[in-house]
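Student: Could you have a look at this structure, given as structure tokens, before my questions?
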Amino acid sequence: MSRKFAILIFSIVIAVSTMAQGKFVTRYGRLDNIRYHIKTGKKATITFMGGSITNMEGWRGKVCDYLTTTYPGTAFRFINAGIPSLGSLPHAFRFAHDVLSKGKTDLLFLEAAVNDRVNGTNEVTQRRAMEGIIRHALKANPQVNIVLMAFADEDKMADYHAGEVPVEVQVHEDLAQKYHLPFINLAKEITARIDAGEFTWKDDFKDLHPSPFGQQLYFNAIKRLLNEDFSASLPKHLASVKLPLAADPLNYENGAYDDIHDALNRNGFDIIASWEPSDKVGTREGFVKVPMLVSDTAEASVEYPFTAAHHRYWYSFRPRCRCDQLSH
């Protein structure tokens, strides 16, 4: 009798915990189109865009495994567009190259909250960049479904403990609401569950690059969203989005890379088709084995013509080496 009672109590706790976790998923929009692609079209492309937490093995792989196992009759294509250290600003300018050039995306998972804090990206730039990515994606494919997520870090936990909503989280949620996109606030969920004594940051979650335990928590939240949305009745057809007026007309919806081969008067600069450092120090995926405009002399110069409202330069500095990747 006591064993049955214990099982009943355990089941109630699990049910309550699952219901409580649902409050960190806000459905400003549904995932009808991707559900249609998976269940009717039997073919779907899922793209993951973010930083190192997206690029590393963890929640992303679990989502892929879950979808292929749950829907074995659907042909899935998965695109890993995660590059370590990058936040919303570089995401906006690399979106065409790293996502659109690979074909039509049906579901886009997008996160920049952690690296936008780490990189010190100001709020105005965050808003312009995130809105630019969303609008760029919807212009390219008005039927794409997009999920915005905000991952956890200790700075965001400190903000919540101070009674403040982290700027990066607010930016993600504001744009999710404007464009009717599901939003998963993992920063708030992790903070709330740590505060409730379910686990600790130091011993369990470990770092802003989550431990396997933390990666499972991220996956669980995404799985909740997918399960609940996919349990709804199947739509009869795909629906296209009509873009609203932009919140900021100066957003980066036309962000793209320029070609470094267009550089003029390269005095001391050379183009290396697949650059790697010569000093054998550690590197991060996405920053090596790519075309680079390189110089190892202090007085080198180069000219680059462009016409654009916004123009950004990526610089990589190493001892005796300067490598530029240009974007606008």
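The values are calculated or read from the model by the stated rules, or taken from the named source; none is laboratory data. None of these values were measured; they are calculated from a predicted model. Neighbour counts are summed over all protein chains in view; Cβ atoms, including those assigned to glycine, are modelled from backbone coordinates with ideal geometry. When the accessible area is computed, the model is the full protein with side chains, heavy atoms only, and any ligands, DNA or RNA have been set aside. Shrake-Rupley method; radii C 1.70, N 1.55, O 1.52, S 1.80 Å.
Student: Would you mind checking the pairs LYS62/LYS206; LYS62/LYS139; LYS23/LYS102; LYS39/LYS178; LYS156/LYS202; LYS206/LYS289 and listing those with alpha carbons more than 24 angstrom apart?
Tutor: Listed pairs above 24 Å: LYS62/LYS139; LYS23/LYS102; LYS39/LYS178; LYS206/LYS289.
Student: Kirkwood Rh, Cα Rg: Rg to Rh for the stretch 19-123?
Tutor: Details: Rg = 14.9 Å, Rh = 15.0 Å.
On the Cα set of the stretch 19-123, Rg over Rh gives 0.99.
Student: What angle do you read, to the nearest 10 degrees and between 0 and 90, between the alpha-carbon axis of helix 212-230 and the longest principal axis of the chain?
Tutor: Tilt of helix 212-230: around 70 degrees.
Student: How big is the convex hull of the Cα atoms of the stretch 179-311, per residue, in Å³?
Tutor: Hull volume over Cα atoms, normalised by residue count, gives 252 Å³.
Student: On each of the three principal axes of the Cα atoms of the stretch 152-257, give max minus min coordinate, whole Å, ordered largest first.
Tutor: 46, 38, 32
Student: Which order do ASP159, ASP203 take by accessible area at a 1.4 Å probe, largest first?
Tutor: ASP203, ASP159
Student: Oh, and also: Apply the Karplus parameterisation 6.51 cos²θ - 1.76 cosθ + 1.60, with θ equal to phi minus 60°, to every residue of the stretch 120-131 and state each ³J(HN,Hα) to the nearest whole Hz, in sequence, with x for glycine and proline.
Tutor: Values per residue, Gly and Pro as x: x, 6, 6, 5, 4, 5, 4, 5, 5, 6, 5, 5 Hz.
Student: Using a 1.4 Å probe over the heavy atoms of the protein chains, calculate the carbon and sulfur portion of the accessible area of the chain as a whole percent.
Tutor: On the chain, the fraction of accessible area on carbon and sulfur atoms equals 55 percent.
Student: Something else about it: What do you get for the angle between helix 167-178 and the principal long axis of the chain? Use alpha-carbon atoms, 0 to 90 degrees, nearest ten.
Tutor: Roughly 80 degrees between the two axes.
Student: Summing Lys, Arg as +1 and Asp, Glu as -1, what charge do residues with Cβ under 10 Å from the Cβ of PRO235 carry, PRO235 excluded?
Tutor: +3
Student: Could you tell me which residue out of ASN115, GLN126, ALA158 lies farthest along the dipole of the stretch 98-160 toward its positive end? Charges go on the beta carbon: Lys and Arg +1, Asp and Glu -1, centred on the Cα centre.
Tutor: It is GLN126.
Student: Specify the longest stretch of the chain that does not include any exposed loop site, a site being one of the GluC sites (Glu not before Pro) with a non-H, G, I, E, B DSSP assignment and at most 16 other Cβ atoms within 10 Å.
Tutor: Looking at the chain, 58-163 is the longest stretch - no exposed GluC sites (Glu not before Pro) with at most 16 other Cβ atoms within 10 Å.
Student: Principal axis extents for the chain, Cα atoms only, whole Å, descending order, please.
Tutor: Result, largest extent first: 84, 48, 37 Å.
Student: Turning to a different aspect of this structure: Scan the chain and hand back the longest stretch that contains none of the trypsin sites (Lys or Arg not before Pro) lying in DSSP loops with at most 15 other Cβ atoms within 10 Å.
Tutor: The longest uninterrupted stretch comes out as 105-205.
Student: I've got another one for you. When the helices in the chain are scored as -39500 (n - 2.57) per DSSP H run of 4 or longer and the sum is shared across all residues, what 222 nm value do you end up with, to the nearest 500 deg cm²/dmol?
Tutor: -11500 deg cm²/dmol
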